[in-house]
Amino acid sequence: MLQANGLTKHYNGSIALKDLSFSVAPGEIFCLLGQNGAGKTTTINIFLGLIAPTSGEALINTSSVLDRPSIRKKIAYIPEIVQLYSNLSAIENLDFFSRLAGFKYAKNDLVKFLQQANLQEEVYNKKLGTYSKGMRQKVGIAVALAKDASYVLMDEPTSGLDPKASVEFAHTCKALSAKGVGILMATHDIFNAVNIGSRIGIMKEGTLIHTTETKGVTAQELQDIYIKTI
């Protein structure tokens with residue numbers, strides 16, 4: 001289980017996070033909603049080990065991500081702009097980042113990961129410089145699959161996606177969930193949060209102030225809750 005236990009983060013006297021606690025179970029998709037500055041990205045950066053909390057703990061399976069850097073190998077990260085090599089193909093990127101994570105796959109296995117990420121076969125050997133954002137996101141998901149990640153952290157992954165790409169991305173996230181992969185997603189997109197997530201948390205000023213299950217909740221109802229809450 002991925003857990004935030006009392007996470008607090010101060011920056012030069014300002015409070016970015018204040019006693020933040022939540023958990024993400026295997027196969028769960030937990031979406032964090034909130035305005036800019038609410039603390040969503042800070043939360044993700046703590047789990048990635050990029051910054052240390054002022055107090056509290058970020059845990060993966062009861063182990064701190066700071067105390068055991070090796071535990072972070074269980075995490076994959078998909079930012080708003082996926083950082084891949086534009087001069088390499090999808091196959092080449094996937095092979096490179098798999099090797100960095102300590103995995104060496106045959107080409108047939110790499111193809112299977114791209115298939116699972118729903119990337120169209122005709123672009124597997126094309127350079128990523130020719131890809132749309134949605135296509136790059138799929139390669140990022142394939143990298144997560146190849147790393148055998150237990151959890152995937154996503155920061156505004158649907159920003160800039162067209163409706164078709166958003167639907168495809170939702171299907172891919174749900175396929176990851178069905179495999180038991182837990183997802184923590186920071187987003188502004190209320191519609192996609194309802195469509196993709198199994199649970200939603202609303203953050204304000206570094207605090208989680210409302211959580212709800214998405215089952216039975218419409219995007220309009222969540223929007224009303226969001227507006228009243230923030």
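Over the chain, what is the relative contact order in whole percent, taking alpha-carbon pairs under 8 Å and six or more residues apart?
29 percent
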| Can you pull the Rg over Rh of the range 101-169, Cα-only, Kirkwood? | 0.96
| message | Counting heavy atoms of the protein chains only and a 1.4 Å probe, report the per residue accessible area for the chain as a whole number of Å². | response | 47 Å²
| How large is the dipole of the chain about the Cα centre if only Lys and Arg carry +1 and Asp and Glu carry -1, each at its Cβ, rounded to the nearest 20 debye? | 500 debye
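Would you kindly work out the equivalent ellipsoid of the range 1-160 from its C-alpha gyration tensor and give its semi-axes, the square roots of five times the eigenvalues, largest first in whole Å?
For the range 1-160, the ellipsoid semi-axes come out as 31, 17, 13 Å.
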| query | Roughly speaking, what is the stretch gain from I230 to N125, that is 0.36 nm per residue apart minus the C-alpha to C-alpha distance, in nm to one decimal? | reply | 33.2 nm
| query | For the chain, what is the percent of antiparallel DSSP beta bridges, rounded to the nearest 5? | reply | 55 percent
| field | Expected-Rg normalisation [2.2 N^0.38 Å, Cα atoms] applied to the range 79-215 | value | 1.07
| Excluding A38 itself, what net charge comes from residues whose Cβ is under 12 Å from its Cβ, given Lys and Arg +1 and Asp and Glu -1? | +2
| field | R0 of 25 Å, Cβ-Cβ distance D109-L50: FRET efficiency to nearest 0.05 | value | 0.25
| request: Using R₀ = 35 Å, calculate the FRET efficiency as 1/(1 + (r/R₀)^6) where r is the Cβ-Cβ separation of A175 and S14; round to 0.05. | output: 0.35
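So between T218 and S86, what do we pick up on full extension, going 0.36 nm a residue minus the alpha carbon distance?
Roughly 43.7 nm would be gained on extension.
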| remark: Log entry: pair-distance distribution for the range 1-95, C-alpha pairs binned every 5 Å from zero, whole % per bin is 3, 12, 20, 23, 17, 13, 7, 5, 1, 0
| For the range 52-113, how big is the tail of P(r) above 19 Å, as a whole percent of Cα pairs? | 49 percent
| query | Hey, any idea what % of the range 61-144's accessible area is carbon plus sulfur with a 1.4 Å probe? | reply | 50 percent
| remark: Restricting to aspartates and glutamates and to Cα separations under 18 Å from K174, and discarding same-chain partners fewer than 8 apart, the set is E28, D148, D155, E156, D189, E213
| said: Helix-only mean residue ellipticity at 222 nm, the chain, DSSP H runs n ≥ 4 weighted -39,500 (n - 2.57), per residue, nearest 500. What is it? | reply: -10000 deg cm²/dmol
| Given a Förster distance of 22 angstrom, what is the FRET efficiency for L100 paired with H188, based on the Cβ-Cβ distance and rounded to 0.05? | 0.10
| request: Pairs to check: K126/K164; K40/K215; K112/K133; K40/K127; K40/K104. Give those whose C-alpha atoms are more than 30 Å from each other in this structure. | output: K40/K127; K40/K104
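The values are calculated or read from the model by the stated rules, or taken from the named source; none is laboratory data. Here the structure is a predicted model, which is why all the values come from computation and not from measurement. Every residue, glycine as well, gets a Cβ built from its backbone with ideal geometry; the counts of neighbours run over all protein chains shown. Accessible surface is based on the protein model in full, side chains and every heavy atom, while ligands, DNA and RNA are left aside. Shrake-Rupley method; radii C 1.70, N 1.55, O 1.52, S 1.80 Å.
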